[in-house]
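Structure first, commentary second.
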Amino acid sequence: MLSGMQVDALYEAFYGDQDIDDADFFQRSSEVEYYQNAFMGALDQHTLISMTDKDGRIVYVNDKMCEVTGFCRGELIGENHRIFKSGHHSEDFFEQLWARISSGLMWEGHINNRRKDGGNCWIYTSIAPVFGRENEIVGYISVRTDISRQKQAEEEIKKALELEKKAQKRLMSAINVMSGGVIIYDKEGRVIAANEGLKALYPQLDGLLVPGAPLASLVAALYPDLPPRQLASRVDTILGDTGDEVRILPEGQIVTISRSRAKNGDLIVVNTDITAYVEQEKRLKKQADKLQAALKKEMELNDLQRQFVSMASHEFRTPLAIIDSTAQRLERRKARLDEAELSTRVFKIRRSVQRMTELMESTLSAARMDAGKVQLKISDCHIKTLIEKVCLRQQEIAINHKISWQLEGLPETVKCDCGSIGRVMANLLSNAVKYSPDSPDIHVEGAVAGGDILVHVRDYGLGIDEEDQPRLFERFFRAKTSTGIAGTGIGLNLAKLLVREHGGDIALQSRKGEGSVFTIRLPVAGPDFASETGD
């Protein structure tokens, strides 16, 4: 509510000396109060308002003052405006402010205030004295606006301008000392200055690089075969483009051309010979590629080593345990063993020894392949005889399986390394036996297709999951269907490597639960690089 004195003042301001009765006076006073409250409400949305007594103690603050500063009314009423002091301004600043308003004059300016949370805010402030009936100062009223965002924007612009000035100074310093070619044109495309480095890069411009020379004359010297319309277009492009360009000069140098505009519109063109840098970058890239390849190879070898150690510790332990336990039983029961049981025990030992031999041979062969030390001994190999021997040898071990073969379609001889192809066949037959424990039939068939022979090894066993097939020939990879079956994951990988060394390949067809067919393809004439060495 307004005090009587405030109503009198508002009435006098609104109605002057009009003679009205009391009822009309109070009605009009209410109107004045309504408009005042409406005005103050609107002002409160955007403006910080505070009032003090003549000694500077705060007697009133509006909501916006509390919102911006973070102080509540209870914390501000009775305090001095020093509560907002941030330390940004000097004591002399506030002494001059106080001297002005205490003398009855209004003060306006920017003040950096402290918020309750310790942060600062910039306030545009107008402080006016309030006079009493005797024309004495009875207090002060301040109207303020938060200009923190404006100040922040000004600071950012100021910093950006400072950075731009520094960048321009650095650019000019660089241009003055750089060994490349530098030329400066005015807005109309006339030469202002050019350094000796530009003449070294473009000897055809010698004599033309004088102040006032038009850009068109330089372009005509650089591109003597261009028709006039294209020359004019090139001039317009140079004057209008401030980007970068790479050009290969007739002598083979690679030059970057950078164009930039000065504030006054001058065009600065810098030509830098980067031939040496490009060559160095090529060399560094080659070295980086080599290092990357070596690192990848090292990581693969480390991974293979870990896998091999894990595999070997298991795969060697199993046959050794069988040999040891069988030998102990033979030792304990040697006097009571009949011929059949003795033969069974000896068979177990031989099978375990063979397993270890195969494991060692596969591992050593894989290591030799990695080291590039495998040299194929190519000769006329009697392929049918070789495959029959491998089948018979595997049949002796696989007493619960029936291995059959049909090799009439094969030629008498094939140029290959008999030992390597024998190991490949032995591996495929051994796998066929292992992965068909409940399906005894295994069939081998040979045929000729063009200049190649095809050898199919078919079983009707566990088969291979479709998602495992693409990785089946990776070293140490084992399919999910091999769980619980002894193996190293080396054999198929080695087999494929050996066949490819012969210029051939191994293919797979398989369905889970229906068995697998491995097909060896070998060129009859042998690998292209091979030379016959004889037996």
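Read-outs throughout are calculated quantities, based only on the coordinates presented, and are distinct from any laboratory measurement. Everything quoted here is computed from the prediction, not taken from an experiment. Cβ sites come from the backbone with ideal geometry, for glycine too, and all protein chains shown count toward neighbours.
For 133, 471, 393, 73, what ranking results if the residue with the fewest other Cβ atoms within 10 Å of its Cβ goes first?
Working: 133 7, 471 10, 393 16, 73 13.
Sorted ascending by nearby Cβ count, the order is 133, 471, 73, 393.
Listing 416, 66, 381, 72 from the residue with the fewest other Cβ atoms within 10 Å to the one with the most, what is the order?
Working: 416 32, 66 17, 381 23, 72 11.
By the 10 Å Cβ count, ascending, the order reads 72, 66, 381, 416.
What lysines could a cross-link reach from residue 199, if we take a straight Cα to Cα line under 23 Å and drop same-chain neighbours fewer than 8 places away?
By straight Cα distance, residue 199 reaches 187.
Can you tell me which of 135-147, 88-100 comes out highest on packing, and rank the rest after it, using the mean Cβ neighbours within 10 Å? Please report the intermediate quantities before stating the final value.
Numbers: 135-147: 16.2, 88-100: 12.2.
By packing density, highest mean first, the sequence is 135-147, 88-100.
Determine which lysines satisfy two conditions relative to residue 290: a Cα distance under 17 Å, and not lying fewer than 8 residues away in the same chain.
Cα-Cα hits under 17 Å: 282.
Got a sec? How would 399, 383, 274 order by Cβ neighbour count within 10 Å, fewest to most?
Values: 399 8, 383 24, 274 15.
In increasing order of surrounding Cβ atoms, one gets 399, 274, 383.
Tell me which residues come under 5 Å, amide H to amide H, from residue 213 once H is placed; ignore anything under 5 positions away on its chain.
For residue 213, the qualifying residues are 191.
If you stretched the chain out fully between residue 290 and residue 163, how much longer would it get, using 0.36 nm times the residue separation minus the C-alpha to C-alpha distance? Show your work: numbers first, answer last.
On the way: separation 127, 0.36 × 127 = 45.72 nm, distance 4.19 nm.
Roughly 41.5 nm would be gained on extension.
With each pseudo-label sitting 7 Å past Cα toward Cβ, what's the residue 190-residue 135 distance in nm, one decimal?
Between residue 190 and residue 135, the label points sit 6.9 nm apart.
Return the lysines within reach of residue 377: Cα separation strictly under 26 angstrom, same-chain partners fewer than 8 residues apart disregarded; answer none if there are no such residues.
Cα-Cα hits under 26 Å: 389, 415, 496.
Could you give me the ³J(HN,Hα) list for the range 47-53, computed from phi with Karplus coefficients 6.51, -1.76, 1.60 and θ = phi - 60°, whole Hz, x at Gly and Pro?
Taking θ as phi minus 60°, the curve returns 10, 8, 10, 9, 10, 10, 7 Hz for the range 47-53.
Convert each backbone phi in the range 437-446 into a coupling constant with the Karplus relation 6.51 cos²θ - 1.76 cosθ + 1.60 (shift: θ = phi - 60°), then list the ³J(HN,Hα) values in order as whole Hz, x for Gly and Pro.
Karplus-based 3J(HN,Hα) across the range 437-446 equals x, 10, 10, x, 7, 10, 10, 10, 9, x Hz.
Could I have the simple spin-label model distance between residue 148 and residue 438, label points 7 Å from Cα toward Cβ, reported in nm to one decimal?
Placing both labels 7 Å beyond Cα along the Cβ direction yields 7.8 nm.
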